[in-house]
1. Search segment 58-96 for residues being within 16 Å of the chain's Cα centre (by Cα), over 11 Å from Val9 (Cα atoms) and in a helix (DSSP H, G or I), and hand back the single one that is modelled with the lowest pLDDT.
2. How many of the residues making up segment 28-54 are part of a loop (DSSP other than H, G, I, E, B), among the polar types (S, T, N, Q) and under 17 Å from the mean Cα position of the chain (by Cα)?
3. I need the full set of residues from segment 112-144 which are in contact (Cβ under 8 Å) with a residue 60 or more places away in the chain, part of a loop (DSSP other than H, G, I, E, B) and either surrounded by 14 or more Cβ atoms within 10 Å (Cβ to Cβ) or of a type in the set (Lys, Arg) (or both), in order please.
4. Taking segment 14-24 only, how many residues are out of contact with any strand residue (DSSP E or B) (no Cβ under 6 Å at 6 or more places or on another chain) and more than 16 Å from Ile88 (Cβ to Cβ)?
5. Scan segment 87-101 and report the pairs whose first residue is within 11 Å of Arg128 (Cα to Cα) and open to solvent by less than 30 Å² (accessible area, probe 1.4 Å) and whose second residue is assigned to a loop (DSSP other than H, G, I, E, B) and at pLDDT 95 or above, with Cβ atoms within less than 6 Å and a gap of 6+ or a chain change.
6. Among the residues of segment 161-177, are any of a type outside the set (Phe, Trp, Tyr), at pLDDT 90 or above, within 17 Å of Ile83 (Cα to Cα) and open to solvent by 20 Å² or more (accessible area, probe 1.4 Å)?
7. Select from segment 145-159 the residues that are open to solvent by less than 40 Å² (accessible area, probe 1.4 Å), outside any helix (DSSP H, G or I) and of a type outside the set (Ser, Thr, Tyr) and list them in ascending order.
8. Could you please tell me which pairs satisfy a Cβ distance under 6 Å, a separation of 6+ or placement on different chains, a first residue in segment 36-55 that is in contact (Cβ under 8 Å) with a residue 12 or more places away in the chain and surrounded by 13 or more Cβ atoms within 10 Å (Cβ to Cβ), and a second residue that is part of a strand (DSSP E or B) and among the aromatic types (Phe, Trp, Tyr)?
Amino acid sequence: MVETLSIAVIGAPGVGKTSIIRQFIYNDFSEVYTPTRTRYVYRPSVILNGNMYELKILDVPGDGGLEWLDLRCRGVRNANAYILVYDICCVESFEYVKMIRQQIVEHRYGHPVPILVVGNKRDLQRQRFMPRRAVSVLVKKTWKCGYVECSAKFNWHVVLLFKELLGIAVARGMRQNHTSIRLQGALQRNRCTIM
């Protein structure tokens with residue numbers, strides 16, 4: 001039996017949500033920014049300790065906060081895990097992540113859900129609004145969330161962030177320890193093993 005893990009990727013417009021997802025699944029990056037207008041679902045497969053999982057990755061438009069508040073959007077509200085993306089050079093995008101995280105915590109009260117905060121655009125590190133360590137301490141210690149920085153443009157730590165989130169989700173959901181994760185692209189083009 002194949003289990004499905006639903007992951008909502010949320011963040012302000014232009015932070016690189018779609019770029020991260022496309023880099024993870026297709027090893028592809030576009031220099032041309034095209035805003036996400038509607039929610040899109042990607043369905044890659046993951047093999048974890050010999051068990052196959054179907055991922056349902058929801059690419060939520062930049063107004064995901066509005067979608068979160070709409071009770072009809074159960075896919076976002078009932079996801080198994082969340083990736084909250086911000087641009088390390090834009091404090092407003094971090095404030096947006098802060099607001100969404102608070103909404104998730106309030107909605108899922110009593111039923112903690114894995115949340116990974118992702119600082120994208122690490123390739124623009126010199127323009128960051130806050131030192132990495134300060135953000136990491138805030139997110140990990142105060143918010144009790146995972147934290148990873150990546151660069152979708154250069155495919156730096158993109159696989160790592162999905163590995164982190166999947167490890168947390170599976171450990172919490174199925175209480176299994178993981179030793180390796182093999183990721184298979186939705187089109188069977190990308191194959192890699194993570195130890």
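1. Among them, the one singled out is Gly65.
2. 1
3. Lys121
4. 3
5. Asp87/Val15; Asp87/Lys121; Ile88/Lys121
6. The answer is no; no qualifying residue exists.
7. Selection gives Cys145, Gly146, Val148, Glu149, Cys150, Ala152.
8. So the pair list comes out as Val46/Tyr53.
The values are calculated or read from the model by the stated rules, or taken from the named source; none is laboratory data. The structure displayed is predicted, hence computed values, not measured ones. Cβ coordinates were reconstructed from backbone atoms using ideal geometry, including for glycine residues, and neighbour counts include every protein chain displayed. Note: areas computed on protein heavy atoms with side chains; ligands, DNA, RNA excluded. Shrake-Rupley method; radii C 1.70, N 1.55, O 1.52, S 1.80 Å.
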